[in-house]
There are 2 protein chains.
Amino acid sequence: MGREFLDLVDISEAHRIIRNLFKEIYHPPPIEKVNLENAYGRVLAQNVKTPIDLPPFNRASRDGYALKAEDTFHASEDNPKTLKCIEVIEAGAIPQKRIKRGCCSRISTGAPIPEGADAIVMVEYAEEENDNIIIYKSAYPGQHIAQRGLDIPKNEIIAWKNSILSPEKIGAISAAGISKVPVIAKPKIGILSTGNELIEPSNDWTPGKIFDSNSHSIAAAVKKCGCEPKILGIVKDDYTKLHKAIQEGILECDILITSGGTSAGAGDMLREVIEDIGKVMIHGISIKPGKPTLIGEVKGKLVFGLPGFPVSALIIFDVLLRPYLMELSGKPPIEHRRVELPLARRLHSSKGRIHYALVKVKNGRAYPILKDSGAITSLADADGYIKIPKNVEILEEGSRVKVSPLSPI
Amino acid sequence: MGREFLDLVDISEAHRIIRNLFKEIYHPPPIEKVNLENAYGRVLAQNVKTPIDLPPFNRASRDGYALKAEDTFHASEDNPKTLKCIEVIEAGAIPQKRIKRGCCSRISTGAPIPEGADAIVMVEYAEEENDNIIIYKSAYPGQHIAQRGLDIPKNEIIAWKNSILSPEKIGAISAAGISKVPVIAKPKIGILSTGNELIEPSNDWTPGKIFDSNSHSIAAAVKKCGCEPKILGIVKDDYTKLHKAIQEGILECDILITSGGTSAGAGDMLREVIEDIGKVMIHGISIKPGKPTLIGEVKGKLVFGLPGFPVSALIIFDVLLRPYLMELSGKPPIEHRRVELPLARRLHSSKGRIHYALVKVKNGRAYPILKDSGAITSLADADGYIKIPKNVEILEEGSRVKVSPLSPI
């Protein structure tokens with residue numbers, strides 16, 4: 001009953017194969033243009049240069065009076081200088097009059113400096129008297145003027161390729177008058193759940209059935225990687241239906257993830273389908289959970305067959321897919337601060353396979369979660385998982401283990 | 001020219017006032033229901049209980065044969081037991097036949113256990129011979145059966161209020177057949193930029209104008225807080241226009257943020273408008289940048305008037321708004337791991353005001369960024385900022401400073 005696995009590969013060989021497939025198939029990553037409104041958190045795909053000088057003109061950086069600095073030399077409280085005010089320049093306006101010796105214009109912060117002026121004296125150090133302005137403090141040339149291009153000159157790079165578009169970078173880009181940016185396109189990941197027993201969570205429960213949880217949990221995990229999930233629904237364990245679903249799904253996605261239907265049991269259809277329309281690269285990895293994992297290629301795109309048990313599916317996603325999907329979307333690697341803690345209880349492992357075991361962290365100790373991998377609540381309770389080498393059968397209470405955290409977002 | 005500030009308040013008093021206003025106005029936070037597809041990263045507003053037992057029935061956790069354990073006692077390779085196979089039960093099917101002594105049913109992982117059976121023997125330890133099944137290993141009662149409700153019984157809490165909806169929690173919720181969840185509604189934050197000199201980044205540049213960058217940078221900072229920004233556009237420094245924009249904006253938002261038009265200069269309209277249609281709580285804080293910051297209330301909602309300079313606007317947002325917006329959206333506080341580093345260069349500060357100064361971190365030292373606060377590129381370059389107490393005028397090279405990081409997302 002059922003077919004055998006291909007040769008089991010070990011986890012490092014699986015990583016090598018997957019890494020190469022990603023490099024071969026998904027390089028270079030496609031680029032899309034998005035409006036600034038939708039750019040936050042995205043990854044810049046090209047350097048962005050400013051097409052204008054910033055600031056774009058000599059600009060007042062204080063409210064005050066634009067004048068010739070030499071007209072204020074030696075001015076003080078005791079020795080004020082009097083200038084004639086010839087214009088009022090608001091921000092956004094264009095100065096109409098040139099400043100000559102003995103003259104000044106009232107100017108607002110952000111307004112262009114009139115020709116002839118080379119300094120601003122702040123309002124605090126001046127007084128108006130009809131059309132005359134009395135200046136109580138001397139200024140140096142350039143005072144309170146932001147020179148054109150001083151912040152950054154035209155054609156300089158204002159945001160670098162591969163940087164994440166933060167509020168600050170988005171501010172700089174919009175200041176340069178750019179309203180669309182090239183970002184790495186979010187890879188589209190199709191998600192299929194297979195199994196005759198599955199029904200949608202929005203349906204009523206009927207005997208013998210269980211609600212499909214993998215579609216939604218994997219879709220969220222895909223978002224966590226900076227990719228765009230597309231839930232393709234539930235497929236029965238039926239060759240024709242699965243064949244059709246995969247052929248259609250692969251067309252609208254960059255990568256297809258299925259769960260269920262991979263074990264060497266009664267319902268094993270996935271491998272047959274992939275073999276018929278593509279190629280199976282891996283079927284069987286010497287890890288627990290996740291031994292029946294399948295990796296194949298169809299029409300030049302990758303298909304990942306994850307185990308059906310919710311816990312197994314999410315752990316295998318985290319181990320085998322997350323790092324590559326994050327790289328593909330340009331999301332910087334999660335700082336996987338693994339924490340070394342003592343094990344709170346003895347734990348048995350499976351000899352000959354690497355074993356990923358969920359743990360809960362409490363009072364500085366790692367408690368193994370011993371529910372079976374069909375138990376969805378064990379994941380919701382877990383703080384992380386530990387990796388037990390394949391030659392270890394028993395981890396004693398108190399052994400130091402490294403916990404990989406399961407961060408919520 | 002222009003009006004004076006209200007009494008300057010210090011930063012701790014400003015925080016006290018803002019904290020109280022948020023508590024008064026936005027408590028309890030409104031709740032909305034979202035589909036699971038849109039639930040990732042949101043904050044659960046109520047406990048979610050499972051309306052069904054999980055698993056919902058006694059379920060096979062391996063492919064094998066459902067039987068009475070006692071029929072297998074003492075079975076071994078040398079002493080196999082023979083049972084009659086009376087049914088094949090696939091996952092999703094409902095068993096039709098009761099298991100009596102001497103009988104078994106072939107069963108798939110996930111299928112319901114037939115009545116009368118109390119154990120599963122895995123396929124690996126059995127052989128088919130016509131309608132007979134030869135069993136080579138004895139089983140104990142309960143073996144490979146996931147009991148109904150064992151994972152979590154009906155009406156128990158499956159995800160807790162205030163938790164972030166991670167892939168794991170979304171998996172647990174969908175397994176319980178729940179397709180919509182109550183989450184904390186994202187606060188809607190309206191964003192206005194004021195100033196005659198501003199034009200949209202999507203327009204062509206014209207002399208005397210600058211591109212509005214605050215709308216986009218603040219919108220991204222609002223998203224970073226888990227809130228929903230609504231860019232309301234640019235308003236001229238004109239009483240009637242600002243009055244209209246604020247009255248309309250406040251209707252469709254929970255909080256309104258403006259930038260520009262708050263200083264005691266020529267274009268100071270915001271305070272007049274807020275005084276006429278609401279109340280000004282704070283105008284002037286003894287910090288640098290951000291002294292002209294205004295906080296008011298209009299129609300029971302908060303209005304924040306940030307300074308117009310891009311750097312000042314974002315720093316003040318980070319200091320005065322971010323913590324409260326994150327609390328409002330239910331987003332857990334950023335682990336603000338402030339790093340203590342030596343200052344790479346002497347830095348002058350403003351006596352009498354707390355000074356927030358941008359720094360770039362290089363080779364383990366904090367370099368002050370000395371551009372003026374109109375320079376948008378200084379923010380794009382900065383790694384964080386330091387807070388200089390108001391009684392400090394000079395920080396010497398080598399002094400230890402605590403850098404608050406500006407994380408990109």
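The values are calculated or read from the model by the stated rules, or taken from the named source; none is laboratory data. These figures come from a predicted structure and were not determined experimentally. In this analysis, Cβ positions are derived from the backbone assuming ideal geometry, glycine residues included, and neighbour counts consider all displayed protein chains.
Counting only residues that are part of a loop (DSSP other than H, G, I, E, B) and among the charged types (D, E, K, R), which one in segment A:128-159 is farthest from the other protein chains (Cβ to nearest Cβ)?
Among residues in segment A:128-159 that are part of a loop (DSSP other than H, G, I, E, B) and among the charged types (D, E, K, R), the one farthest from the other protein chains (Cβ to nearest Cβ) is A:Lys137.
Count, please, the residues in segment A:164-208 that happen to be closer than 30 Å to A:Val303 by Cα, at the interface with another protein chain (Cβ under 7 Å from one of its Cβ atoms) and crowded, with 24+ Cβ neighbours inside 10 Å.
Residues flagged as closer than 30 Å to A:Val303 by Cα, at the interface with another protein chain (Cβ under 7 Å from one of its Cβ atoms) and crowded, with 24+ Cβ neighbours inside 10 Å within segment A:164-208 amount to 2.
B:Gly177 versus (1) assigned to a helix (DSSP H, G or I); (2) within 30 Å of A:Thr377 (Cβ to Cβ): which is the lone unmet condition?
Only one criterion in (1) assigned to a helix (DSSP H, G or I); (2) within 30 Å of A:Thr377 (Cβ to Cβ) is unmet by B:Gly177, namely (1).
Let's see how each residue does on (1) modelled with pLDDT of 90 or more; (2) among the hydrophobic types (A, V, I, L, M, F, W, C):
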{"position": "B:Gly296", "(1), (2)": "yes, no"}
{"position": "B:Gly300", "(1), (2)": "yes, no"}
{"position": "B:Lys331", "(1), (2)": "no, no"}
{"position": "B:Gly352", "(1), (2)": "no, no"}
{"position": "B:Asn363", "(1), (2)": "yes, no"}
{"position": "B:Ser378", "(1), (2)": "no, no"}
{"position": "B:Val401", "(1), (2)": "yes, yes"}
{"position": "B:Ser404", "(1), (2)": "no, no"}
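I want to confirm something. Restricting to segment A:209-231 and keeping residues that are among the charged types (D, E, K, R) and farther than 19 Å from A:Pro323 by Cβ, which single residue is farthest from the other protein chains (Cβ to nearest Cβ)?
Checking each candidate, the answer is A:Lys230.
Determine whether segment A:228-235 contains at least one residue that is surrounded by fewer than 23 Cβ atoms within 10 Å (Cβ to Cβ), modelled with pLDDT under 95 and not β-branched (Val, Ile, Thr).
Scanning segment A:228-235, I find no residue that is surrounded by fewer than 23 Cβ atoms within 10 Å (Cβ to Cβ), modelled with pLDDT under 95 and not β-branched (Val, Ile, Thr), so the answer is no.
Among B:Ser312, B:Ser350, which is the only one that is among the hydroxyl-bearing types (Ser, Thr, Tyr), under 25 Å from A:Ala91 (Cβ atoms) and surrounded by fewer than 23 Cβ atoms within 10 Å (Cβ to Cβ)?
Matching residue, one of B:Ser312, B:Ser350: B:Ser350.
Which number in (1) at the interface with another protein chain (Cβ under 8 Å from one of its Cβ atoms); (2) at pLDDT below 95 marks the one condition that B:Pro112 misses?
Going through (1) at the interface with another protein chain (Cβ under 8 Å from one of its Cβ atoms); (2) at pLDDT below 95 one by one, B:Pro112 breaks only (2).
Taking segment A:46-70, which residues are part of a strand (DSSP E or B), within 11 Å of another protein chain (Cβ to nearest Cβ) and within 38 Å of the chain's Cα centre (by Cα)?
Passing the criteria: A:Val48, A:Leu54, A:Arg59.
Out of segment A:374-385, which residues are within 22 Å of B:Ile178 (Cβ to Cβ) and surrounded by fewer than 22 Cβ atoms within 10 Å (Cβ to Cβ)?
Hits for segment A:374-385 are A:Ser378, A:Asp381.
Using beta carbons and a limit of 6 Å, which pairs, at least six apart or on different chains, have the first residue in segment B:386-409 and within 14 Å of chain A (Cβ to nearest Cβ) and the second one β-branched (Val, Ile, Thr)?
Short answer, once both residue conditions are applied: B:Pro408/A:Ile164; B:Ile409/A:Ile164.
Residue by residue through segment B:79-109, note down the ones that are part of a loop (DSSP other than H, G, I, E, B), of a type in the set (Val, Ile, Thr) and modelled with pLDDT of 95 or more.
B:Ile94, B:Ile99
Counting only residues that are surrounded by 18 or more Cβ atoms within 10 Å (Cβ to Cβ) and closer than 27 Å to A:Ile145 by Cβ, which one in segment B:355-367 is nearest to the other protein chains (Cβ to nearest Cβ)?
B:Leu358
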